[in-house]
Amino acid sequence: MAEQHTYTQNIAIKDGKLFLRRCVNTGIPVNYFHQRCPCCWDNKFESFVSNGMGKIISLVTYHRTYKDSIPSPYDVAVVRLFEGLEVIVRVDQNSRKHVLMGSSVFVEVADEGLLLVHLVE
Ligand SMILES: [Zn+2]
């Protein structure tokens, strides 16, 4: 049976910062669950801090509350970071009426390690 990974394994959160991983040889971003670089097949990686900037490529509204601290309705987006990887994030309540597909956003680490997206004006 194939090993299963969650989407959040694209990232690491440490000290309130969002870390991504890239190949030492080619510099391309590589998901944490990949054991080898898909470009050069090497297995040497380094972590770096994301600048958090990206664009929304998918957006959905949740109408069910899964966590008391995050009451529904709330929006969840897939953001393609400018560094090349994609992350799933919750949209900040103040931004949710303004974000659209393709909106430029800033992804930050919020309380409980959740990722939150804000619209960039
Ligand atoms: Zn490589």
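Which count do you get for residues in region 78-121 that are farther than 30 Å from Thr26 by Cβ and in contact with an Asp or Glu (Cβ under 6 Å, 6 or more places away or on another chain)?
Number of matching residues: 4.
I need every pair where a residue in region 26-39 that is touching a residue at least 40 places away in the same chain (Cβ under 8 Å) has its Cβ under 7 Å from the Cβ of a residue that is more than 10 Å from the ligand (Cβ to nearest atom) and among the hydrophobic types (A, V, I, L, M, F, W, C), sequence separation at least 6 or different chains.
Pro29/Leu20; Pro29/Leu85; Asn31/Leu85
Regarding Phe82, is this residue surrounded by 13 or more Cβ atoms within 10 Å (Cβ to Cβ), within 16 Å of the ligand (Cβ to nearest atom) and at pLDDT 90 or above?
Criteria not met by Phe82.
In this structure, is Val99 more than 16 Å from the ligand (Cβ to nearest atom) and in a strand (DSSP E or B)?
Values: more than 16 Å from the ligand (Cβ to nearest atom): yes; in a strand (DSSP E or B): no.
No; evaluated as a whole, the condition is false for this residue.
Looking only at region 13-68, filter to residues that are in a loop (DSSP other than H, G, I, E, B) and acidic (Asp, Glu); which one of those is nearest to the ligand (Cβ to nearest atom)?
We begin by selecting, within region 13-68, every residue in a loop (DSSP other than H, G, I, E, B); these are 15-16, 24-28, 30-44, 50-52, 63-66, 68.
Of the ones still in play, those that are also acidic (Asp, Glu) are 15, 42, 68.
On the way: Asp15: 27, Asp42: 5, Asp68: 43 Å.
Here the answer is Asp42.
Between Asn43, Asn31, which is touching a Cys at 6+ places or on another chain (Cβ under 9 Å) and assigned by TED's automatic domain parsing to the domain that holds Ile11?
Asn43
The values are calculated or read from the model by the stated rules, or taken from the named source; none is laboratory data. Bear in mind the structure is a predicted one, so any value in this text is a computation, not a measurement. Heads up, the Cβs are rebuilt from the backbone with ideal geometry, glycines too, and the neighbour counts pull from every protein chain shown.
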